[in-house]
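Undergrad: Quick one: this structure, given as structure tokens, is what I'll be asking you about.
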């Protein structure tokens, strides 16, 4: 059943106009408001915690797999072929559940929506690779120059300025108005 749902989501994701109309502007704003309401209770990014716990859980499961795989067959007699099949079936089910939840709740389908240039009716012209590279280099140099001049207390001030920027943009751009909640610092970003 999960596989059929995932296949259906995949087929739906190929239709950008339908994704924009029914998911991005229909279902997702409700989902985003609900998830923002839940995550606003926490002073940290809840998605970061979920990823961390999921990664740790995956490492534990992998460690158990390696541990039991390396044991002698005599000590693994209690794990028969039927049990191993059930374990694989459960792992596949978990992966499918994670994929479906990501696509529907965390906005995975939003990657398949109409490009922003169409939504905002922007006149976007293709650029040469050289132009894009030059712009990239300029932005990197500017960002590095600005960062060199920042003190530790400036990071919090900057965070407060840009997090308020969404509010100002909501009046001009309807797609931004659908964003609920506030931006949060990532704990992991302090380590990198």
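The values are calculated or read from the model by the stated rules, or taken from the named source; none is laboratory data. All values reported here derive from a predicted model rather than from experimental measurement. Don't worry about glycine lacking a Cβ; one is built from the backbone with ideal geometry, like all the others, and counts go over all protein chains shown.
Undergrad: Restricting attention to region 87-117, which residues are farther than 26 Å from residue 32 by Cβ and either touching a helix residue (DSSP H, G or I) at 6+ places or on another chain (Cβ under 6 Å) or surrounded by fewer than 11 Cβ atoms within 10 Å (Cβ to Cβ) (or both)? Don't jump to the end; show me each part of the working.
TA: Filtering region 87-117 for residues farther than 26 Å from residue 32 by Cβ gives 87-93.
Within region 87-117, 88, 89, 90 qualify.
Undergrad: Can I ask one more? Kindly provide the set of residues from region 1-39 that are assigned to a loop (DSSP other than H, G, I, E, B) and within 17 Å of the chain's Cα centre (by Cα), ordered by number. So that I can check it myself, show each step before the final result.
TA: Quick first cut of region 1-39, residues assigned to a loop (DSSP other than H, G, I, E, B) only: 1, 14-15.
If the condition is that a residue be assigned to a loop (DSSP other than H, G, I, E, B) and within 17 Å of the chain's Cα centre (by Cα), then no residue fits.
Undergrad: Quick check on my filter: what residues within region 132-183 are closer than 26 Å to residue 20 by Cβ, assigned to a loop (DSSP other than H, G, I, E, B) and at pLDDT 70 or above?
TA: 171, 172
Undergrad: Those residues that are part of a helix (DSSP H, G or I) and loosely packed, with under 11 Cβ neighbours inside 10 Å, I need them from region 118-131; list them, please. If you could, list the steps in order and put the result at the bottom.
TA: Kept after step one, since they are part of a helix (DSSP H, G or I), are these residues of region 118-131: 118-119, 129-131.
Passing the criteria: 129, 130, 131.
Undergrad: On the given criteria, is residue 114 modelled with pLDDT of 80 or more and either under 25 Å from residue 172 (Cβ atoms) or within 26 Å of the chain's Cα centre (by Cα) (or both)?
TA: On the way: modelled with pLDDT of 80 or more: yes; either under 25 Å from residue 172 (Cβ atoms) or within 26 Å of the chain's Cα centre (by Cα) (or both): yes.
Yes; evaluated as a whole, the condition is true for this residue.
Undergrad: From (1) modelled with pLDDT of 80 or more; (2) surrounded by 13 or more Cβ atoms within 10 Å (Cβ to Cβ), pick out the condition that doesn't hold for residue 7.
TA: The number of the failed condition is (2).
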